[in-house]
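Take a look at the structure set out below.
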Amino acid sequence: MRISIIGAGHVGLVTGACFADLGNTVLCVDNDLRKIRKLKRNIVPIYEPGLEELIKKNTKKKRLYFSSSIKEAVGKTEVIFIAVGTPALQNGEPDLTGIENVATQIAKNLKNYRLIVEKSTVPVETGEWVKRTIERNNHFKIDFDVASNPEFLREGSAIYDFMHPDRIVIGVESERAKNILLKLYQPIKAPILITDIKSAELIKHASNSFLATKISFINAIAQICEKTGANILKVAEGIGLDKRIGKDFLNAGVGYGGACLPKDLDAFISIADKLGYNFELLKVVKKINEEQKKSIVKKISDSLWIIKGKTIGVLGLTFKPNTDDIRNSVSLEIIAELKKESVSIKAYDPWGMPNAKKIFKDIKLCLNPYEVARNSDCLLFMTEWDEFKNLDFSKIKRIMKQPLIIDGRNMLEPEKLISLGFRYIGVGR
Ligand code: UGA
């Protein structure tokens, strides 16, 4: 099939590259000309494992193209995915200006039937608005359909997730749209759920909100573990073995971050408010997440007594491993809190350094974890990168000013560290 993806961000690029790899001809469109120029030279603006190789392979096979023209996309491709960003406004509501602009431009260039598919995470009823916007600007009354096909990719494993999804959700209003999307997804083995457009839109926000709820729930249980001496790892295992609950997303830690869960939760709370439903459960999920972040800062100050003038080493800046994304990373929030206390901060991340350099001018960005540890009073583990699990901790003990480790991800072995002479503080263990 000939398809286009409008918006060459994380979701757009992964979706485009994967659809191309399945044998379709894909045009990825973005209004950022510099990005498009780079992509044409196979320079990928984000780090996502396997993405660069997939883009190279499929551009070489002439199945993947890049352009800045929506007109070209509408002219050449029968299915148009909208994957532009929906950033949060001050009040938590998503800014849908990008979606409206794209819908308008698609409408103005319609000459033949086209299927327009929402891929971006959008509030329920956005499909209605997209349809109305296209109808308003569709001066030649060309036939078209709108569909919703939400994305469930996780950064860091996005290509695997695309090719092996738990489910594919297709929200449609016509048989024609349904059949096109079924044909497109036919090579992927996964349960396919056909719904109306509104239900598909809701599935996405409800899924991310449920995931955030699971994380806040386990973080709340971790607080109880800390007060009683129980071990959160065992408690999570015991809960997760119940198939109705499941073991995934029960890792207690520093709180959830990233470009999706915090934003989508805010959006869903505000959508519910607008619809006249006070979604108190999600408000508390958000509050627990904020408290979890504060509890990490408290652990540092409690264990150092006087925090002013101390040096804190931070390992991990990205919001999770296997990505270079530092947007809404809890690590950055904690660094901002620590800076208020006049501490010196040193930090390192395997992939997050280029992005960190753009925003941090007043902390020392180091070349490796050992440089961070040298003369630090506390070593704070914020992201569970594999590289951090296998460090030479005997060496680290020798070069730190005080042998204190705060493991915000429960990723290290406390017994081993304690036997080496460290003070170890985890989360709920
Ligand atoms: C999330 C969802 O998991 C995807 O299904 C969805 O498609 C995506 O948002 C999106 O809406 O685009 P992502 O933001 O890439 O994916 O990352 P997650 O793996 O969900 O992690 C989010 C945050 O939760 C991270 O900070 C992570 O460290 C934290 N987390 C996750 C925990 O603290 N504990 C856990 O058990 C799991």
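We did not get these values from a lab; they are worked out from the coordinates using the rules stated. From a predicted model like this one, the values you see are computed outputs, not experimental measurements. Note: ideal-geometry Cβ built from the backbone for every residue, glycine included; neighbour counts use all protein chains shown.
Measure up 60/320; 358/397; 35/71; 71/119 against 25 Å on the Cα-Cα distance and list the ones that go over. Beyond 25 Å: 60/320; 358/397. What the phi angles of segment 118-124 give under the Karplus curve with 6.51, -1.76 and 1.60, with θ = phi - 60°, is a coupling list of 6, 10, 4, 6, 9, x, 4 Hz, glycine and proline written as x.
Can you give the calculated 222 nm mean residue ellipticity of the chain, where each DSSP H run of n ≥ 4 adds -39,500 (n - 2.57) and the sum is split over every residue, rounded to the nearest 500 deg cm²/dmol?
Working: 18 runs with 198 residues, N = 429.
Helix-only estimate at 222 nm: -14000 deg cm²/dmol.
Each residue of segment 271-285 is assigned a 3J(HN,Hα), and the resulting list reads 4, 4, 4, 4, 7, x, 10, 8, 7, 4, 3, 5, 5, 6, 4 Hz, derived from the Karplus form 6.51 cos²θ - 1.76 cosθ + 1.60 (θ = phi - 60°), x at Gly and Pro.
What number does segment 220-347 give for Rg over Rh if you use C-alpha atoms and the Kirkwood radius?
Working: Rg = 16.9 Å, Rh = 16.7 Å.
Using only Cα positions, Rg/Rh for segment 220-347 is 1.01.
Assuming a ≥ b ≥ c are the square roots of the Cα gyration tensor eigenvalues, decide whether segment 69-132 counts as rounded (a/c under 1.5), prolate (otherwise, with a/b larger than b/c) or oblate. Prolate, because a/c is 1.5 or more and a/b exceeds b/c.
Just so you know, the Cα atoms of segment 2-195 work out to an Rg and Dmax of 15.7, 45 Å. Normalising by residue count, the chain has a Cα convex hull of 149 Å³ per residue.
Stokes-Einstein diffusion for segment 45-106 at 20 °C, viscosity 1.002 mPa s, with a Kirkwood radius from C-alpha pairs, works out to 151 µm²/s.
So if each residue of separation counts as 0.36 nm, and I subtract the Cα-Cα distance between residue 337 and residue 41, what length gain in nm does that give?
Details: separation 296, 0.36 × 296 = 106.56 nm, distance 4.03 nm.
Result for the pair: 102.5 nm of gain on full extension.
Going from the residue with the fewest nearby Cβ atoms within 10 Å to the one with the most, 327, 41, 136 rank 41, 136, 327. All Cα-Cα distances of segment 7-66, cut into 5 Å bins from zero to the largest, leave 4, 23, 37, 26, 9, 1 percent in each bin in turn. Angle of helix 197-228 to the longest C-alpha principal axis of the chain, folded into 0 to 90 degrees and rounded to 10: 10°. Taking the number of Cβ atoms within 10 Å of each Cβ as an exposure proxy, the fewest-first ranking of 388, 19 is 388, 19.
Residues 155, 290, arranged from fewest to most other Cβ atoms within 10 angstrom of their Cβ, appear as 290, 155.
Both radii are taken from the alpha-carbon atoms of segment 307-407; with Rh as the Kirkwood radius, Rg/Rh is 0.93. Working note: Cα gyration tensor of segment 105-219, eigenvalues times five, square-rooted, sorted largest first, giving semi-axes of 29, 17, 12 Å. Using only the alpha-carbon atoms, how far is helix 51-60 inclined from the longest principal axis of the chain? Give it as 0 to 90 degrees, nearest 10. The angle comes out at about 30 degrees. Over every Cα atom in segment 148-216, the radius of gyration and the widest Cα-Cα span, Dmax, amount to 12.8, 41 Å.
Computed from Cα positions, the angle between helix 97-108 and the longest principal axis of the chain comes to roughly 20 degrees. Computed log10 I(q)/I(0) for segment 172-247 at 0.12, 0.17, 0.19, 0.26 Å⁻¹: -0.57, -0.80, -0.88, -1.18, from the Debye equation with unit scatterers placed on every C-alpha and solvent omitted.
Using only Cα atoms, what Kirkwood radius does segment 199-243 have, in angstroms? Could you put the intermediate results ahead of the total?
Values: mean 1/r = 0.0843 Å⁻¹.
Computed over segment 199-243, the radius equals 11.9 Å.
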